[in-house]
Amino acid sequence: MSGTFVGIPAFPAFPVAAHEAVNNRTLRGNLRHATHTIRAKRAKAVAELSDWDALREAGKQIKDHTLRHLDRYLVQLEESVTAAGGTVHWAADADEANRIVTRLVQETGESEVVKVKSMATQEIGLNEALEEAGIRAYETDLAELIVQLGKDRPSHILVPAIHRNRGEIREIFAREMSEWGRPAPDGLTDTPAELAEAARLHLREKFLRAKVGVSGANFMVAETGTLVVVESEGNGRMCLTLPETLISVVGIEKIVPTWQDLEVFLQTLPRSSTAERMNPYTSTWTGTTDGDGPRTFHLVLLDNGRTDTLADEVGRQALRCIRCSACLNVCPVYERAGGHAYGSVYPGPIGAILSPQLRGTASEIDASLPYASSLCGACYEVCPVAIDIPEVLVHLRERVVEGGPVTREGNKVVLQPAKGHAAERAAMRAARWTFTHPGALRTGQRLASRTRRFHPRTVPGPGRAWTGTRDLPAVPAEPFRDWWQRTNGGKGETK
């Protein structure tokens, strides 16, 4: 194995990237408008269901059950896909997945493919790998098309071009479309209808010409070998039905055992992502069928660090994620820093816990991601599969600071503590010693209360930034233990 790749290599640490992003007023305005709009619509859509909490718990339980028995369901899925006329390939990492897909396309004799929006293919850098082999990949999702034409990177799970406004999109279309195919219409304005029509005309010729389609999948049903893609535009339906060959690259965690299990997620995913009761297009396919759809179907099951993540009892809950992006839309950090600052195709709160597990915490960017959060808990409140993101963030911060045993590429290894956290480790050790010595704790509390008049309202030095927008909490007039003894547990308190 050559290691795990998750999208954007050699990226600076989150604080460095975020510092530049927060000073971009246009970016912050685009993000604020978009995230506030999406989350308001989502809240309204979720409120329509009286059993939302029950659906959320059901989704959590289904995912946890599947992850506990992932080996069995993967084998069942392979058998079902094969029986339906498909071919299953296993990819341990990004390099292997890219080699498999490249070889499959080359065997068709084609030099271009059309793509359904897919986080998994972005994760492994498939477009770049195909380009090196002389194969051109065309993104057909509207937002992904904007990103590709703009030589940009996705910044949001659901809306990859969320950082762009209509004026910027019009300029990209007018400047770049002719280099990729049909040019933008003369006199194109920035009205949504005209931009959508320009994209439709540009993509239509690609849909009708392409012989190979590449997709991911939102879900895979183990009992039947069925793959499921949900979308809002119809471009995915074109890619899944018109080409002669379909290649789907899907993370191994996307399995659900039965069709009955799928029903839960077809309620929660649309409402959490696009704030719709159901997606306009829900496409399902099972192997191949004579006279209908692609004649050849390949499924590439992608690990790329997922088995390592599964070995972590706390961190594995990140594999429940159904990529709805609700956590991004409520996160105050994402709203201000944007998705590019996370240095991964998985931005926002879910990216802050998923990327460091898939890639490890050895790099500067991955060691910084668990700190890209205020731990406010809003992400957990909106997650439709109840991923406790704050819990995993704290767990990963401990890993960064303390090191310790982890699983990497299937092997047990011991991580060394990350550099730059010596003061933090010393402070935590001092706190641990103090809390395990009641006498020292009692003395410290009394000293703190008796010297409170000398305590500053702000912290000097490195802590100045933290207290620049908040005051240090006031020290109580007396320690709790003294108050308890003096008032007999509050019974002697005068009213």
Notebook entry, point to check: Ordered by residue, what ³J(HN,Hα) values in Hz, to whole numbers, does segment 359-373 give under the Karplus form 6.51 cos²θ - 1.76 cosθ + 1.60, where θ = phi - 60° and Gly and Pro are x?
Noted result: 9, x, 10, 6, 7, 4, 5, 6, 5, 8, 4, x, 9, 7, 7
Next item on the list: Quick one: what are the phi-derived ³J(HN,Hα) couplings along segment 448-457, Karplus 6.51/-1.76/1.60 with θ = phi - 60°, whole Hz, x for glycine and proline?
Entry: 5, 5, 7, 10, 5, 5, 9, 6, x, 8
Margin query: How large is the translational diffusion coefficient of segment 1-120 in µm² per second when you combine the Kirkwood radius over alpha carbon pairs with Stokes-Einstein at 4 °C and 1.567 mPa s?
Written below: 65
Check: Which value results when the Cα radius of gyration for segment 204-262 is divided by 2.2 N^0.38 Å?
Finding: 1.22
Next item on the list: Round to the nearest 10 and give me the degree value, 0 to 90, for the angle of helix 422-435's Cα axis relative to the longest principal axis of the chain.
Entry: 50
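What are the semi-axes of the equivalent ellipsoid for segment 138-182, taken as the square roots of 5 times the Cα gyration tensor eigenvalues, largest first, in whole Å?
On the way: eigenvalues 55, 29, 11 Å².
Its equivalent ellipsoid spans semi-axes of 17, 12, 7 Å.
Sort 186-199, 445-458 by the packing proxy (mean of other Cβ within 10 Å over each peptide's residues), most packed first. All intermediate terms of the calculation are to be shown ahead of the outcome.
Details: 186-199: 13.8, 445-458: 11.4.
Output ranking for 186-199, 445-458: 186-199, 445-458.
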Note to self: Taking the 0 to 90 degree range and rounding to the nearest ten, how far is the long axis of helix 25-47 tilted relative to the main principal axis of the chain, both from C-alpha atoms?
What the structure shows: 90
Check: How long are the three semi-axes of the equivalent ellipsoid of segment 92-229, in whole Å, if each is the root of 5 times an eigenvalue of the C-alpha gyration tensor, listed from largest down?
Finding: 27, 17, 14
Next item on the list: Please work through the chain and write down the cysteines that have no neighbouring cysteine Cβ at a distance under 4.7 Å.
Entry: Cys239, Cys321, Cys324, Cys331, Cys376, Cys383
Notebook entry, point to check: If one computes P(r) from the Cα atoms of segment 176-220, what percent of pairs lie at distances over 14 Å?
Noted result: 59
Note to self: I'd like the distance separating the alpha-carbon centroids of segment 234-292 and segment 145-198, in whole Å.
What the structure shows: 26
Check: Excluding ligands and nucleic acids, what accessible area in Å² is computed for Met428 using a 1.4 Å probe, to the nearest 10?
Finding: 110
Item checked: Rounded to whole Hz, the Karplus (6.51, -1.76, 1.60) HN-Hα couplings of segment 408-420, x for glycine and proline -> 10, 6, x, 10, 6, 10, 10, 7, 7, x, 5, 6, x
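What relative contact order, as a whole-number percentage, does the chain give when Cα pairs under 8 Å and 6 or more residues apart are counted?
Over the chain, the number comes to 20 percent.
Quick one: order Tyr371, Tyr73 from most to least accessible surface, probe 1.4 Å.
Details: Tyr371 75, Tyr73 20 Å².
So the residues, ranked largest to smallest area, are Tyr371, Tyr73.
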Next item on the list: Note down, for segment 350-488, the three equivalent ellipsoid semi-axes (square root of 5 times each alpha carbon gyration tensor eigenvalue), biggest first, whole angstrom.
Entry: 35, 19, 17
Checklist line | Sequence-distant residues sharing a close amide H with Val300 (under 5 Å, placed H) | finding: His89, Ser248, Val249, Val250
Next item on the list: Report Ser111's accessible area, 1.4 Å probe, all protein chains in place, as a number in Å² to the nearest 10.
Entry: 70
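In whole percent, how big is the carbon plus sulfur part of the accessible area of the chain, probe 1.4 Å, protein atoms only?
53
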Next item on the list: Taking just the C-alpha trace of segment 151-250, give me its Rg and Dmax in Å.
Entry: 15.8, 52
Checklist line | Nearest 10 degrees, 0 to 90: helix 94-108 Cα axis against the chain principal axis | finding: 10
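What translational diffusion coefficient, to the nearest whole µm²/s, does segment 363-412 have by Stokes-Einstein, given a Kirkwood radius computed over alpha-carbon pairs, a temperature of 20 °C and 1.002 mPa s viscosity? Before the final figure, lay out each step's value.
On the way: Rh = 12.2 Å.
Calculated translational D: 175 µm²/s.
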Checklist line | Where Cα atoms sit under 28 Å apart: lysine pairs in the chain separated by 8 or more or lying on different chains | finding: 27
Next item on the list: Please calculate how many Å² of accessible area segment 297-422 carries per residue, with a 1.4 Å probe and no DNA, RNA or ligand atoms counted.
Entry: 32
Margin query: Over the Cα atoms, compute the radius of gyration (one decimal) and Dmax (the largest Cα-Cα distance, rounded to a whole number) for segment 258-311, in Å.
Written below: 15.6, 44
Check: In terms of modelled amide H atoms, which long-range or inter-chain residues lie less than 5 Å from the amide H of Ala275?
Finding: none
Next item on the list: Convert 37 °C to kelvin, take the viscosity as 0.692 mPa s, use the Kirkwood radius over C-alpha pairs of the chain as Rh, and evaluate the Stokes-Einstein diffusion coefficient in µm²/s, rounded to a whole number.
Entry: 133
Note to self: Quick query: amide H of Trp285 versus all other amide H atoms, modeled in the peptide plane; which residues come in under 5 Å with a sequence gap of 5 or more or a different chain?
What the structure shows: Leu227
Next item on the list: Express as a percent, rounded to the nearest 5, the fraction of DSSP beta bridges in the chain (both residues included) that run antiparallel.
Entry: 40
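The values are calculated or read from the model by the stated rules, or taken from the named source; none is laboratory data. Source: prediction; values computed, not measured. Cβ coordinates were reconstructed from backbone atoms using ideal geometry, including for glycine residues, and neighbour counts include every protein chain displayed. Accessible surface areas use protein heavy atoms only, side chains included; no ligands, DNA or RNA. Shrake-Rupley method; radii C 1.70, N 1.55, O 1.52, S 1.80 Å.
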